[in-house]
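Enquirer: Just passing along the structure, written as structure tokens.
The values are calculated or read from the model by the stated rules, or taken from the named source; none is laboratory data. Because the structure is predicted, anything quoted here is derived from the model rather than measured. Glycine also receives a Cβ, built like all others from the backbone with ideal geometry; neighbour counts cover every protein chain displayed. For the accessible areas, the whole protein counts, side chains as well, though only heavy atoms, and no ligand, DNA or RNA atoms are used. Shrake-Rupley method; radii C 1.70, N 1.55, O 1.52, S 1.80 Å.
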Amino acid sequence: MRYVEPVKSVVLFLLVMLSVVLTFLIWTYTPDYKYIEKTEGEEILIKPQKGMEDIIRPYKAIFRSEEGFTGTVSNTTMKDIMQIFKGWNVLDLAPINNSLSSNYINEIIRADKRMTVFFTGEVPFSAFNTIFQFTDKELPETTFNRMIIDWSNYDNKELTLYYISNNNQSLFRSHVNVSNINQFMQEVIEPAQKYDTFKEIERAGYTSLYLANSNIESVKYTYYIEDITPELFKNILFPDANIVQRNVESATSEKYTDGMSLMTLDTNLKSLNYVYPAAESSIRVEPSKLLKDSFEFINEHGGYTSDFRYVSTGTNKNQMDYQLYLQGLPVYSNHVITRMTTIWGDSRIFHYKRPYFSLDMDIPTEKEIIELPSGAEIVELIQQSNNLVLSDIDEIVLGYYLITQNQELNIFTFEPCWFVIRKGTWTKLTPEILGGVKNGLE
């Protein structure tokens with residue numbers, strides 16, 4: 001029994017030391033917030049994620065043969081074309097011209113046995129890595145917005161591809177050896193013979209416009225629109241959602257802030273505006289990295305909640321824009337926001353603006369067939385108008401104008417219309433714009 005007291009003293013000492021060590025560890029422990037934030041962020045998906053090929057898609061394809069131009073803006077055809085492109089081995093990508101004239105571009109497109117696909121935005125070559133298989137390990141840090149496919153040498157199972165950038169006035173060329181050339185001819189080229197006839201609208205000193213020669217039948221849709229709860233975006237955009245304070249500014253405005261960043265809602269426009277001021281940066285990001293970072297940021301939280309497509313970039317501001325599409329046509333509106341914008345900052349998002357709704361379901365009983373004048377007729381009306389100058393127009397497109405039918409029930413109407421695009425800005429063509437001539441535009 002004489003050893004009992006010393007043993008008790010040793011055990012007591014060890015317990016005291018263990019308590020001191022545990023207390024120290026608790027006081028000095030710092031959780032890995034970065035890991036927690038990342039894990040939480042990955043768990044929140046608003047909608048299923050998408051591939052780059054869903055975001056980058058042509059809006060028009062035209063085909064040149066001895067008989068002239070045919071073309072289409074069919075959403076199904078655009079999907080099929082991109083699917084045919086997938087897996088092509090692209091060889092010998094090389095620059096041909098870096099000071100393209102408008103006339104030269106028109107001549108390239110006008111040559112026989114060529115198809116041209118049009119992209120709204122300037123596409124970095126690296127973004128096509130998920131579609132094409134480039135043999136070049138390093139791709140040029142440049143962009144294109146028109147791709148021309150020359151099939152005149154298809155008997156040798158070879159296609160020549162030209163890439164035109166209107167912004168950079170550049171031309172690149174490559175070759176493709178297509179083992180399934182017959183599939184390409186049967187599924188892409190031969191059906192083009194039955195497409196609508198397209199008219200080349202020549203403009204002296206400017207690139208031509210290519211528009212359908214026939215009247216167009218389109219569908220007027222009515223949709224239920226589903227609001228996406230702001231709480232989801234709060235949990236996605238703020239590192240610690242528990243400290244975010246919500247403030248109702250007015251009947252149409254709400255603000256969320258954690259002291260470092262701010263998220264504002266406009267319930268009339270159904271827009272969400274997020275900004276993180278500390279990330280603001282004037283350092284220009286290269287187009288390929290800018291698109292990659294922007295795409296991944298939105299896709300990580302399933303932010304492509306409808307058919308959004310990349311349409312423009314402002315590299316001076318590190319800005320990327322994505323437009324809402326329906327049935328392959330762009331959707332514009334003065335009633336609600338229909339475009340997503342990201343501005344990249346110092347290694348992270350600086351500014352994020354977007355709609356906080358998605359298209360839920362259309363109301364079949366509300367569908368209506370609308371007949372619109374041909375693109376060629378629209379050009380004639382523009383030429384007669386005092387409000388528009390044809391040479392100032394970048395593109396004339398068929399699209400949808402989104403209007404509110406019932407705000408409380410979230411019912412909206414998509415009305416097919418003609419639009420002109422000038423310097424990235426859309427204008428709906430109305431009788432008032434065209435000098436009072438209705439002709440199916442009312």
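Enquirer: Using the charge dipole of the chain (Lys, Arg: +1 at Cβ; Asp, Glu: -1 at Cβ; taken about the Cα centre), state which of 332, 373, 186 has its Cα farthest towards the positive end.
Expert: In the chain, that residue is 332.
Enquirer: A further question follows. Check the straight Cα-Cα distances from residue 317 and name the aspartates and glutamates below 16 Å, setting aside those fewer than 8 residues away within the same chain.
Expert: 122, 280, 286, 293, 346
Enquirer: Looking at the chain only, what percent of DSSP beta bridges run antiparallel? Nearest 5 please. Don't skip to the answer; put the middle values down first.
Expert: Working: 109 of 113 bridges.
About 95 percent, rounded to the nearest 5.
Enquirer: Just to be sure I understand: of the beta bridges DSSP finds with both ends in region 78-227, what percent are antiparallel, rounded to 5? Write out the running numbers ahead of the final one.
Expert: Values: 30 of 32 bridges.
Around 95 percent of the beta bridges assigned by DSSP in region 78-227 are antiparallel ones.
Enquirer: Could you check which residue among 351, 335, 301 shows the biggest mean-square fluctuation in a GNM of the chain with a 10 Å Cα cutoff?
Expert: Maximum fluctuation in the GNM of the chain, among the listed residues, is at 335.
Enquirer: Which lysines, on any chain, are close to residue 137 with Cα under 22 Å apart, when same-chain ones fewer than 8 places away are left out?
Expert: Once the sequence-local lysines are set aside, what remains near residue 137 is 86, 289, 292.
Enquirer: How much FRET efficiency would the formula 1/(1 + (r/R0)^6) give for residue 253 and residue 138, where r is the Cβ-Cβ distance and R0 is 45 Å, rounded to 0.05?
Expert: Calculated value: 0.40.
Enquirer: Expressed as an acute angle from 0 to 90° and rounded to the nearest 10, what is the orientation of the C-alpha long axis of helix 75-85 relative to the principal long axis of the chain?
Expert: Approximately 80 degrees, to the nearest 10.
Enquirer: On average, how much accessible surface per residue is there in region 38-123, in Å², for a 1.4 Å probe, leaving out ligands, DNA and RNA?
Expert: Computed with neighbouring chains in place, this is 47 Å² per residue.
Enquirer: Here's a follow-up. List the aspartates and glutamates whose Cα sits under 17 Å from the Cα of residue 199, skipping any in the same chain fewer than 8 residues away.
Expert: 66, 67, 107, 112, 377, 380, 394, 395
Enquirer: Still on this structure: Positive end of the charge dipole of region 101-253 (Lys, Arg +1 and Asp, Glu -1 on Cβ, about the Cα centre): tell me which of 210, 247, 167 has its Cα farthest that way.
Expert: 210
Enquirer: Quantify, in whole percent, the carbon and sulfur part of the accessible surface of the chain (1.4 Å probe; protein heavy atoms only).
Expert: Using a 1.4 Å probe with all protein chains present, the chain comes out at 49 percent carbon and sulfur.
Enquirer: Compute the accessible area per residue over region 242-285, keeping the other protein chains in place, probe 1.4 Å, unit Å².
Expert: It amounts to 59 Å² per residue over region 242-285.
Enquirer: Does anyone have the angle between helix 4-28 and the longest principal axis of the chain? Alpha-carbon axes, 0 to 90°, nearest 10?
Expert: 30
Enquirer: Using per-residue counts of other Cβ atoms within 10 Å, averaged over each peptide, order 85-97, 211-223, 242-254 from highest down.
Expert: The densest-packed peptide leads the list: 211-223, 85-97, 242-254.
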